[in-house]
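Participant: Here's a structure for you.
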Amino acid sequence: MVVVDSESATILRVKGLLEFRCQLDSTDEQLVRNAISRTFETLRSQVKSESCVLAVSDSPVIIWPNKDAYATPEEITPSTPCEDMHQWIQADEQETSGKKSSKKKSKKSSLASVINLRLMTEVTKPGPLSAPILTKTVLKSHFVSVTLPLDCVVRTGRSDTIKDACEQLIEALTHQLCEMEKVTLQNMKGMTLLVPEPVHFLLPEPKGLVTVVYPAGVPDSQLVTQRKELHQQFELPDDRPYFRRANAYHFPNEPYKDGYLRNPHLALTHPTLDNGKVYLVQGIYSYHHYMQDRVDDNGWGCAYRSLQTICSWFQQQGYVEKPVPTHKEIQQALVDVGDKQASFVGSRQWIGSIEVQAVLSHLLGLTSKILFVSQGAELASKGRELANHFLTEGTPVMIGGGVLAHTILGVAWSETTGQIRYLILDPHYTGAEDLQVITDKGWCGWKGPDFWDQTAYYNLCLPQRPKVI
């Protein structure tokens, strides 16, 4: 387990595959365990040997960490600051030509930058080659072969050199192999081994980035004991998940494969109110809006999209494993609970906050509170309720009124003056997943009390977190 401060200058992430090959000459459990441990020790020695090589992704830089951090090109020395490696990394639009990138990392960025490295092994040696010798031995034994997916992260401070980083990386790789050995031995089933897989989690500050090794193929539902131990170790509350696989940290240089934008509100500047505080959604959600998923729901699907955003939040916080429901699945759920007739499935009929509450309960087993407002002008007086919701539950809120539905992601509220601003995610957007357009044009943005129809009634659906880990 490795803890990394996410606010540090640079995160180095090294990934690679190591072949675990173990010959088991006996079925005696203790002898098998000893053989497995010896094989892991061999792999740790391999990582510490001079043949271990680290190749910086998208660059010509290659480092031999156990040869006093010797590196190529020759301009890179063991005393070179880690940050200088950014100069050698090619931008996405550049061709790899072995030249320094003209695009250097911005030193003003508040996010930790990530340098990716590949773990490799040097298989050739300089000098004369001897003729190969072939031998054949006939034995009856059980041979186990597993590919281990190593994935380590370490932080480097602004003054750390490449030599410093190499020492940290080798220590982290060695430690991860120890964790993999422990997980492998704990989850043995006869002569069958489960592949250990490292997973990274970003914990609340000051804990930062943590790496945990889980047995592949074992569902989260069977890892409750391990998660409880982790919650105790890191002194985390026992009423919300931090170590489910869905909580895994998504590195900033890795695009999401499903195409949805995540947390567009992070690109916004908070409003300033006299003695005001900002209360925001906690965690990660996907932005769902009109015209996505090849569904033309322009003019009728806004509440469906707001519901999908809420479902994505519960999925990405690890509370549920079900995929985000489609419009048809939402409609079928309302038929199943007796709220709608069978003809509702496949229609273009609107839904509201009460239906959103029913679908969350039926499909995901979630409870929600409903807040009624008889006219939009009253919403300005609901600052305390909304602030408390985002402080304690932290879930997106669906609000429906008249013929429109929106998602509330937070409020800026002053307890002394009563001033309030609402952070709105608008499902009526019909364009591409362009963060700049979405934030510049106000599809995700802060709105004042006049945003609401002052005479229309509104219902707010406030989903509640289950008390689970």
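Participant: Determine, yes or no, whether Ile420 is more than 30 Å from Asp293 (Cβ to Cβ), open to solvent by less than 30 Å² (accessible area, probe 1.4 Å) and in contact with a strand residue (DSSP E or B) (Cβ under 8 Å, 6 or more places away or on another chain).
Facilitator: Judged against the criteria, Ile420 is a match.
Participant: Here's another thing I want to ask about it. Among the numbered criteria (1) under 30 Å from Ile76 (Cβ atoms); (2) surrounded by 21 or more Cβ atoms within 10 Å (Cβ to Cβ), which single criterion is violated by Glu167?
Facilitator: If we test Glu167 against (1) under 30 Å from Ile76 (Cβ atoms); (2) surrounded by 21 or more Cβ atoms within 10 Å (Cβ to Cβ), just (2) comes out false.
Participant: Among the numbered conditions (1) surrounded by fewer than 18 Cβ atoms within 10 Å (Cβ to Cβ); (2) more than 21 Å from Tyr287 (Cα to Cα); (3) among the aliphatic types (A, V, I, L, M), tell me where Leu268 comes up short.
Facilitator: (2)
Participant: Condition first: within 12 Å of Pro65 (Cβ to Cβ) and either open to solvent by less than 60 Å² (accessible area, probe 1.4 Å) or among the small types (Gly, Ala, Ser) (or both). Now tell me which residues in region 170-183 satisfy that.
Facilitator: Ile170, Ala172, Leu173, Thr174
Participant: On to the next question. Could you list all residues from region 28-73 that are of a type in the set (D, E, K, R) and either at pLDDT below 90 or over 19 Å from Asp164 (Cα atoms) (or both)?
Facilitator: Across region 28-73, the qualifying residues are Asp28, Glu29, Arg33, Arg38, Glu41, Arg44, Asp58.
Participant: Right, something else. If you take just the strands (runs of 3 or more DSSP E) that sit entirely in region 355-416, which of them hold at least 2 residues that are at pLDDT 95 or above, crowded, with 19+ Cβ neighbours inside 10 Å and in contact with an Asp or Glu (Cβ under 9 Å, 6 or more places away or on another chain)?
Facilitator: It comes to 404-414.
Participant: May I ask you to list the residues in region 184-198 that are farther than 18 Å from Arg245 by Cα, among the hydrophobic types (A, V, I, L, M, F, W, C) and either open to solvent by 40 Å² or more (accessible area, probe 1.4 Å) or assigned to a loop (DSSP other than H, G, I, E, B) (or both)?
Facilitator: Met188, Met191, Leu193, listed by residue number.
Participant: Follow-up question, since we're still on this one. For region 277-292, which positions are touching a residue at least 40 places away in the same chain (Cβ under 8 Å) and assigned to a loop (DSSP other than H, G, I, E, B)?
Facilitator: Across region 277-292, the qualifying residues are Val281, Gln282, Gly283, Tyr285, Tyr287, His288, His289, Tyr290, Met291.
Participant: Next question, about the same structure. In region 255-302, what residues are basic (Lys, Arg) and closer than 28 Å to His389 by Cα?
Facilitator: Within region 255-302, Arg262, Lys277 qualify.
Participant: Follow-up. I'd like the residue in region 252-276 that is farther than 23 Å from His288 by Cβ and in a loop (DSSP other than H, G, I, E, B) and, out of all such residues, is modelled with the lowest pLDDT.
Facilitator: Of everything passing the filter in region 252-276, Asn253 is modelled with the lowest pLDDT.
Participant: Related question: Taking the options Val123, Val153, name whichever one is assigned to a strand (DSSP E or B) and either of a type in the set (A, V, I, L, M, F, W, C) or modelled with pLDDT of 85 or more (or both).
Facilitator: The match here is Val153.
Participant: Same structure again: Within region 199-245, how many residues turn out to be without any contact (Cβ under 8 Å) to a residue 60 or more places away in the chain and in a loop (DSSP other than H, G, I, E, B)?
Facilitator: Qualifying residue count for the region: 10.
Participant: Using beta carbons and a limit of 7 Å, which pairs, at least six apart or on different chains, have the first residue in region 252-273 and free of Cβ contacts under 8 Å to residues at least 60 places away in the same chain and the second one small (Gly, Ala, Ser) and surrounded by 12 or more Cβ atoms within 10 Å (Cβ to Cβ)?
Facilitator: Arg262/Ser286
Participant: When you scan region 323-335, do you find a residue that is over 13 Å from Val359 (Cα atoms) and among the β-branched types (Val, Ile, Thr), even just one?
Facilitator: So far as region 323-335 goes, no, none of its residues is over 13 Å from Val359 (Cα atoms) and among the β-branched types (Val, Ile, Thr).
Participant: So, one more: Is one or more of the residues making up region 141-148 touching a strand residue (DSSP E or B) at 6+ places or on another chain (Cβ under 7 Å), part of a loop (DSSP other than H, G, I, E, B) and more than 17 Å from Ser45 (Cα to Cα)?
Facilitator: yes
Participant: Taking region 310-354 as the search range and keeping residues that are aromatic (Phe, Trp, Tyr) and open to solvent by less than 80 Å² (accessible area, probe 1.4 Å), which one is farthest from Ile424 (Cα to Cα)?
Facilitator: Among those that are aromatic (Phe, Trp, Tyr) and open to solvent by less than 80 Å² (accessible area, probe 1.4 Å), it is Phe344.
The values are calculated or read from the model by the stated rules, or taken from the named source; none is laboratory data. None of these values were measured; they are calculated from a predicted model. Glycine also receives a Cβ, built like all others from the backbone with ideal geometry; neighbour counts cover every protein chain displayed. Remember, those area values only see protein heavy atoms, side chains included, never the ligands or the DNA or RNA. Shrake-Rupley method; radii C 1.70, N 1.55, O 1.52, S 1.80 Å.
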